[in-house]
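Starting off with a structure, shown below.
Just so you know, all these numbers are worked out from the coordinates, no wet-lab data involved. What you see is a predicted model, and the numbers here were worked out from it, not measured in a lab. Neighbour counts run over all protein chains shown; Cβ positions are idealised from the backbone, glycine included.
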Ligand code: HEM
């Protein structure tokens, strides 16, 4: 389908413009890259494999700062820690914007964080999200709720273990993270009027589609992929849901408030809105109704599948590497003793667990190209021209495979490498950028790591796992498929045995 549309597009726009194209204008000064074709540029080189893989291969020919043309968009692909340091460290302010994607027009006009261009609105929203919603103190307030959700997941798996049922571990983790996130955002995880899961999946589905109109704006009116239609209907559903949830809070529906955690994000955002409505500073102007909804939507879209996919990848790697699983289990046993469950307060003492998580996220980063950045002015980097409005993709999947950084044994899942060298997510050398670095780095990093740590440690501590149908761990497929948040090609299915009996 994609290639048919691409061919039609090629012919159509080719006729329209009579093959006149001005890509050669400053090409000699751009970073090296494959020669673009008229109209489609290098889009044909992305092929059928996931984009980060195609870009990794190309960067091995053209280098760690590679120039490409994607339709009518200038792009630069960055594939080494040194180059990433230039873009997200030294010149972070220039590359801290986002491209204007068609999807953001239908999802609150980019008034939240993820898809919002760099400027005063984004800065204000980011500031109050960091202080009021995602600071360590605010995240800690939900520790009790997280304990309940972990307990529910362990109990579900324990019931399955009694009848040797096969468990889909990604789904089990996803349900738990979704429960935690919805309770944190809305104070509840169930609502008889709508199914959170369905709406979340639809949002992620739309965000994961490669939208041709973003690279050929001339195509927007034709809606060749039917995305505009989908987006219009989805944005209506999302808005109805968020409006209902907000009105319920604003009208102080007593029975509802009694059932809810008083400090959910929606409560905090609405009370901030009220609090600031009498002041006339920039912050008050930023927290309007659209922004409250856009922020809630960003947290739903950014917070659930990222953690779910990460947990699934890390558990898969552990099942595939029994030596690492054994060592992790021994560490947990030493720290938690005879306790049935790992608590949040235990996590700081589980140093091997942290190395396992880092190693899992190095090899399987769920945002392999981060979220696209865009430059806000012309700049020269390493002697190359990077024009204003260049799309910048940071290939952290490639960086996680760079033998110059990780040595020749980079393909091995070997958490001990982090014992030998101090490398951290915000490390000054930009080797491990699972959450991005700089102005646009993930504001939910600590929460994400906490959720992953809790899920992985408890599923390892409470259960032994074997693969179904006599499958050997060596046969576990560790490839990914196309899609948002780098989903595994095959879901992780395994049979649990409860270890606490
Ligand atoms: C394992 C879990 C997670 C991973 C791997 C992850 C990864 C990322 C990445 C790669 C980015 C883009 C960074 C960039 O463009 O340079 C990002 C941005 C973002 N993430 Fe996360 N994330 C996770 C969890 C969360 C959670 C739990 C939340 C909130 C509840 C969250 C909210 C956001 C938001 C709002 C942004 C946009 C920030 C901005 O553009 O200013 N993420 N995340």
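At a threshold of 8 angstrom on Cα-Cα distance, excluding pairs fewer than six apart, so keeping six or more, what relative contact order does segment 163-246 reach in percent?
With pairs under 8 Å counted, the relative contact order is 22 percent.
Relative contact order (percent) for the chain, with alpha-carbon contacts under 8 angstrom and 6 or more residues of separation?
23 percent
Just the number: Rg to Rh for segment 355-453, Cα atoms, Kirkwood Rh, two decimals.
1.01
Given N residues in segment 291-443, what is Rg(Cα) / (2.2 N^0.38 Å)?
1.23
If you don't mind, another one. What is the order of 375, 104, fewest Cβ neighbours within 10 Å to most?
Going from sparsest to densest Cβ surroundings: 104, 375.
I've got another one for you. Among 306, 90, rank each residue by its count of other Cβ atoms within 10 Å, from fewest to most, as a rough exposure measure.
90, 306
Same structure again: Given C-alpha coordinates of segment 23-94, what is the ratio Rg to Rh with the Kirkwood estimate of Rh?
Reported Rg/Rh (Cα atoms, Kirkwood Rh): 0.97.
Over all Cα pairs of segment 198-252, how is the pair count split among 10 Å bins, expressed in % and running from 0 up to the last occupied bin?
Once binned at 10 Å, the Cα pair distances of segment 198-252 give 21, 40, 24, 11, 3.
Given an 8 Å cut-off on Cα distances and at least 6 residues of separation, report the relative contact order of segment 31-110 as a percent.
Relative contact order of segment 31-110: 25 percent.
Per the Cauchy relation, a quarter of the hull surface: what is the mean projected area of the convex hull of the alpha carbons in segment 117-164, in nm²?
5.3 nm²
Follow-up question, since we're still on this one. For segment 55-180, just the Cα atoms, rotate onto the principal axes and tell me the three extents in Å, largest first.
For segment 55-180, the Cα extents along the three principal axes come out at 55, 39, 32 Å.
While we're here: Counting only Cα, what are the radius of gyration and maximum Cα-Cα distance Dmax of segment 109-228, in Å?
My reading of the Cα-based Rg and Dmax gives 19.3, 58 Å.
Given the C-alpha centroids of segment 410-466 and segment 112-184, what is the distance between them in whole angstrom?
Comparing the Cα centres of segment 410-466 and segment 112-184, I get a distance of 16 Å.
Would you report the distance distribution of C-alpha pairs in the chain as whole percents per 20 angstrom bin, up to the bin with the largest distance?
Pairs per bin, as whole percents: 21, 54, 23, 1.
Taking each pair of distinct Cα atoms in segment 394-434 once, what is the resulting Kirkwood hydrodynamic radius in Å?
10.7 Å
Related question: With just the Cα atoms defining each centre, how far is segment 30-44 from segment 292-335? Give it in Å.
Centre-to-centre distance over Cα atoms comes out at 37 Å.
Once you have the Kirkwood Rh of segment 290-334 from its Cα pairs, apply Stokes-Einstein at 25 °C and 0.890 mPa s and quote D in µm²/s.
192 µm²/s
May I have the extent of the alpha carbons of segment 400-485 along their three principal axes, as whole Å values ordered from largest to smallest?
Sorted largest first, the three principal extents are 47, 32, 32 Å.
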